[in-house]
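**Q** Handing you this structure, nothing more for now.
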Amino acid sequence: MSMRSIILLYLVCFSAAGMASDAQQILEQVDRNLAPESYEMYRKLINIEPDGTRREFVLYTAKKGRESMLALFLDPPSDAGRTTLRVVDNMWLFIPEVGKPLRITSLQSVVGGIFNNADLMRLEFSTEYDAESMEDKGDTYQLSLKAKTDSVAYDRLSMTVDKQSLLPLTIEAFAASGLMIKTLRYKDIKDFGDGIRRPSVLETDSPLYVGYKAVMVFANIKRREFPDEVFTLNYMPRVKELR
């Protein structure tokens with residue numbers, strides 16, 4: 001190989017590495033713009049079937065740092081008191097009638113419908129994914145994300161990010177086979193106060209569930225610090241004390 005070819009190859013590799021680094025920085029900023037590292041919030045989840053039938057859930061959610069999250073079901077009454085906990089890649093469901101935490105997986109769904117447990121208990125995109133590349137589309141960036149481990153629900157994500165706000169617009173989620181699993185759409189940017197301005201609605205549909213739709217509505221997102229004890233199996237029956 002000639003010296004000129006070596007130099008050109010080096011420049012191409014250096015440019016690609018620089019683009020990946022920029023993409024990862026943008027992804028980390030997307031995380032921070034969506035929410036602080038530690039916070040609490042309320043969410044309403046709505047599952048909509050092809051005939052228009054709706055099932056709704058209300059959850060109180062708390063997150064600490066980049067590794068821990070929990071959610072307490074408040075409504076409907078049949079699910080009230082149930083709690084989910086995520087610590088790194090491990091997830092549990094506590095059902096008061098059972099009296100002990102049960103292991104669950106990211107691809108399961110404690111609410112049914114299209115949102116799975118990974119969607120409900122997402123920590124941060126930059127925790128779970130590496131940004132492999134970025135394409136400038138004018139008003140948006142197109143990020144190509146690859147899961148860091150096999151335990152992540154989606155092998156790849158294609159994320160469209162608004163260039164001005166650095167907030168996600170759409171995310172297409174893919175299996176390792178290349179099959180598109182679902183599309184997530186962020187809508188209705190709202191000012192939650194204390195510097196938190198982000199989409200208040202997340203909608204999803206899937207080619208695997210034709211005619212079905214799911215919506216997540218966010219409310220009362222606030223910065224809050226929690227002791228480590230809150231994100232343990234022993235604390236799951238007591239999560240309601242946080243409210």
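The values are calculated or read from the model by the stated rules, or taken from the named source; none is laboratory data. What you are looking at is a predicted structure, and each value in this text was computed from that prediction instead of being measured. A quick note on method: Cβ atoms are made from the backbone with ideal geometry, for glycine too, and the neighbour counts reach across all protein chains shown. Side chains are part of the model used for accessible areas, which takes the heavy atoms of the whole protein and leaves out ligands, DNA and RNA. Shrake-Rupley method; radii C 1.70, N 1.55, O 1.52, S 1.80 Å.
**Q** Would you mind counting up the charge near Met134? Only other residues with Cβ under 15 Å from its Cβ, with Lys and Arg at +1 and Asp and Glu at -1.
**A** Here the count lands on -4.
**Q** Just to be sure I understand, if you calculate Rg and Dmax of the Cα atoms in Å for this structure, which of (1) 19.5, 73; (2) 17.0, 55; (3) 19.0, 80 do you get?
**A** Label of the calculated value: (1).
**Q** Could I ask something else about it? Using a Förster radius of 30 Å, what is the FRET efficiency between Arg224 and Gln142 based on their Cβ-Cβ separation? Nearest 0.05, please.
**A** That gives a FRET efficiency of 0.35.
**Q** For the pair Gln164/Asp150, report the inter-label distance in nm, with labels modelled 7 Å from Cα in the Cβ direction.
**A** It is 4.5 nm.
**Q** Identify the GluC sites (Glu not before Pro) of segment 145-243 meeting these criteria: DSSP loop state and at most 14 other C-beta atoms within 10 Å of the C-beta.
**A** Counting only loop positions with at most 14 other Cβ atoms within 10 Å, the GluC sites (Glu not before Pro) in segment 145-243 are Glu225.
**Q** Taking 30 Å as R0, compute the FRET efficiency from the Cβ-Cβ separation of Arg197 and Asp130 and round it to 0.05.
**A** E between Arg197 and Asp130, to the nearest 0.05, is 0.65.
**Q** If we restrict to alpha carbons, what Rg and Dmax does segment 97-163 come to, in Å?
**A** 15.3, 53
**Q** Once you have the Cα-Cα distance between Lys190 and Ala175, take 0.36 nm times their residue separation minus that, and quote the gain in nm to one decimal.
**A** Taking Lys190 through Ala175 to full extension adds about 2.3 nm, to one decimal.
**Q** Carbon and sulfur: what percent of segment 61-192's accessible surface (1.4 Å probe)?
**A** After summing per-atom areas, the C and S share lands at 49 percent.
**Q** I need the shape label for segment 157-243. Rule: rounded when a/c is under 1.5, else prolate if a/b > b/c, else oblate, with a, b, c from the alpha carbon gyration tensor.
**A** In terms of gyration-tensor shape, oblate.
**Q** Let me ask something additional. Within a Cβ distance under 12 Å of Lys182, other residues only, what is the Lys/Arg minus Asp/Glu net charge?
**A** Neighbourhood net charge equals -2.
**Q** Normalised by the number of residues in segment 157-206, what is the relative contact order in percent for Cα pairs under 8 Å and 6+ residues apart?
**A** 27
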